[in-house]
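The values are calculated or read from the model by the stated rules, or taken from the named source; none is laboratory data. Fair warning: this is a prediction, and the values are worked out from it, not measured in the lab. For neighbour counting, all protein chains shown are included, and Cβ atoms are generated from backbone atoms with ideal geometry for every residue, glycine included. With ligands, DNA and RNA removed, areas are computed over all heavy atoms of the protein, side chains included. Shrake-Rupley method; radii C 1.70, N 1.55, O 1.52, S 1.80 Å.
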Amino acid sequence: MAKETTKMLYPDFKMELEAGEPVEPRADCGSFFSNHWKGLVVFLMPILCLPIILFNSGTEYRCMYILLIMAVFWVTEALPLYVTSMIPIVAFPTMGIMGSEETCMTYFKDTLVMFMGGIMVALAVEYSGLHKRLALRVIQMVGCSPRRLHFGLIMVTMLISMWISNAACTAMMCPIIQAVLEELQSQGVCKIYHEPEYQMVGGKNKKKNEDELPYPTKVTQCYYLGIAYASSLGGCGTIIGTATNLTFKGLYDTAFPNATEKMDFPTFMFYSVPSMLVYTLLTYVFLQWHFMGLWRPKSKEAQEVQVGKDNAHVAKKVIDQRYKELGPMSMHEIQVMILFIVMVIMYFTRKPGIFTGWAEILPAVVIKNSMPTIFVVIMCFMLPANYAFLRYCTRKGPVPKAATPSLITWKFIQSRVPWGLIFLLGGGFALAAGSKKSGMATLIGSSMSGLSVLPNSALLLVVILVAVFLTAFSSNVAVANILIPVLSEMALALKIHPLYLVFPAGLACSMAFHLPVSTPPNALVAGYAHIRSKDMAIAGIGPTIITIIVLFIFCQTWAMVIYPNLDTFPEWAQIAAEEAANKTRLLTEIAFNKTHMLEMAANATRLLTNNTEFLTDLTTSSSNVLGNLVANNTQPLAELAVNGTRILTNLALNQTV
């Protein structure tokens, strides 16, 4: 009977048993964690950080709670970077840190508008094809032997990356390198990939791993890693070169709006371009030594380079052919180039300090770099890509049969602009503003006052090392968002010029060379050329050491030329430090008064409780006394009444008689 019931209730179970199919075993904890670790991080982090706000009162600790959660989410990417950056919009108003309107206004500042406009101008350059023409022309001028070609590719990539995004620059250079290497391989000059390795299995040749991707040769790795590293290094040259530069500039401007030492466009370039040229050149030398046998003439790599040098005409043929395919320079390219030059000139002459700038002549309020950037973007939409429509007036040649396109289309921009960066940069600005308003940044900076025992140079080296280490495993912008506000307040606590720590740390956030996940250029070349992570990690040791040493030396020497007051604690920083100290003192007094008031309230409650108990006891005692008094006097009064009644009765009787 039980068997029949089982069959009726669980027919699938019966069929499985009859078919003899094995039951799938339960997944272990390891597979569960590997599949759902992001969900666990998102769920557990807010719970694990709760003691911060449960055992501490004040907005600074609530802001610290949000900062820790966002930092973990940014580093682990448990949530998409852009989604994590939206958390302040929800958390700040609900936790009493900043209002909704004030929080949302931090997401669209002048720095962010300048960055988005710079991306649009770079896309106009890409849309016209001007970037390919410039790249190929410079390579033709440098030469096409292996070492010269490698040097030309790195220099071109570095120069272009100063003005357009690192990822776009790398994506542009990869097909050029691929075409050159394929032509060299067809001529027998070099090999792009190693031959697949085989092993004997059952008397037949078989690949060791059928799914293994082709393994690039050292020459191939040298070319591709060179442009990846050059893109990251070139992005350090200008404010618009990479999102990291605009991030730490925006955070600095937010933290110190009254600073006399600004990070405007020309000053930024004068500060960073010399060091950029030095460590790009040294990185080229290191890659030549590591991959192409420089100073090792008897090595296999050096002999291959010599073969390539003897056949440099093959590479030159490819470059010349690619340049010829572009045809003559079009009106589209000419106009974009002119607008680009105009934008750069407007950056330099806005407020140069040497002479009166155009922004100071205009009868207007403060004008920043977002204005010339958006001006050029608007002109790219207003100007036509060609002037064939004038044939309607001149009646020479065939007239166009369709509308003349502009220098760039909104459809192209909409599909290429990384709109999520608005939230990523804005989230960092909101976090910086919230940490300053809540007092959290001051609290963290004051807690680091113990580092004052270190010399300033040693402290700077530690800051650079920390930034380089963190950016190897996480997004550059995310690391800057976390690190820069803390360094700003730490500089005030230690009485150091804020730019002394902030500028080098911001540049160091772009020095990511070890892993494909560190930065988009690394990921692009790793996917394009099938470069293994371990090879990239080893090759990145040289550029990392070079950039740390060069950046540290330049920040001790050249930076003092650009910012002569960098070794002092300026007056505006003293005022900011005093305001921070006063705010900390005020918050401490408020916390003390709040604690005192709580103690008074507790004492009042205790006194009220004691008085209530006393009154209750008094009432009970009074009731007992009155009850006893009434009970004790009732019997005598009754007897007196009886006796009185008897006496009156006797008197009345006697009178009657």
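Take the Cβ atoms of H530 and L68, set R0 to 41 Å, and the FRET efficiency comes out at 0.60.
Beyond 31 Å between alpha-carbons counts as too far, so tell me which of K249/K534; K38/K495; K109/K534; K109/K351 fall in that bin.
Values: K249/K534 34 Å; K38/K495 41 Å; K109/K534 40 Å; K109/K351 19 Å.
Correct reply: K249/K534; K38/K495; K109/K534.
All other residues whose Cβ lies under 14 angstrom from that of P266 are scored, Lys and Arg at +1 and Asp and Glu at -1, for a net of +3. For Y193, the amide hydrogen comes within under 5 Å of the amide hydrogens of T217, counting only partners 5 or more places away or on other chains and with H modelled in the peptide plane.
Spacing of the modelled spin labels on R137 and Q178, each 7 Å from Cα toward Cβ, amounts to 2.6 nm.
Classify the range 395-509 as rounded, prolate or oblate, taking a ≥ b ≥ c as the square roots of the eigenvalues of its Cα gyration tensor: rounded when a/c is under 1.5, otherwise prolate if a/b is larger than b/c and oblate if not. Each step should come with its number before you reach the end.
Values: a/c = 3.66, a/b = 2.85, b/c = 1.29.
It is prolate, given that a/c is not under 1.5 and a/b is the larger ratio.
Summary value for the range 316-403: 25 percent relative contact order, contacts being C-alpha pairs under 8 angstrom separated by 6+ residues. Using heavy atoms of the protein chains and a probe of 1.4 Å, the accessible area assigned to E571 is about 140 Å². Between M331 and Y193, the FRET efficiency from the beta-carbon distance, with R0 = 41 Å, is close to 0.45. Accessible area of I538 (1.4 Å probe, protein heavy atoms only, ligands and nucleic acids ignored): about 90 Å².
Computed from label points 7 Å out along Cα-Cβ, the spacing between W410 and M600 is 6.2 nm.
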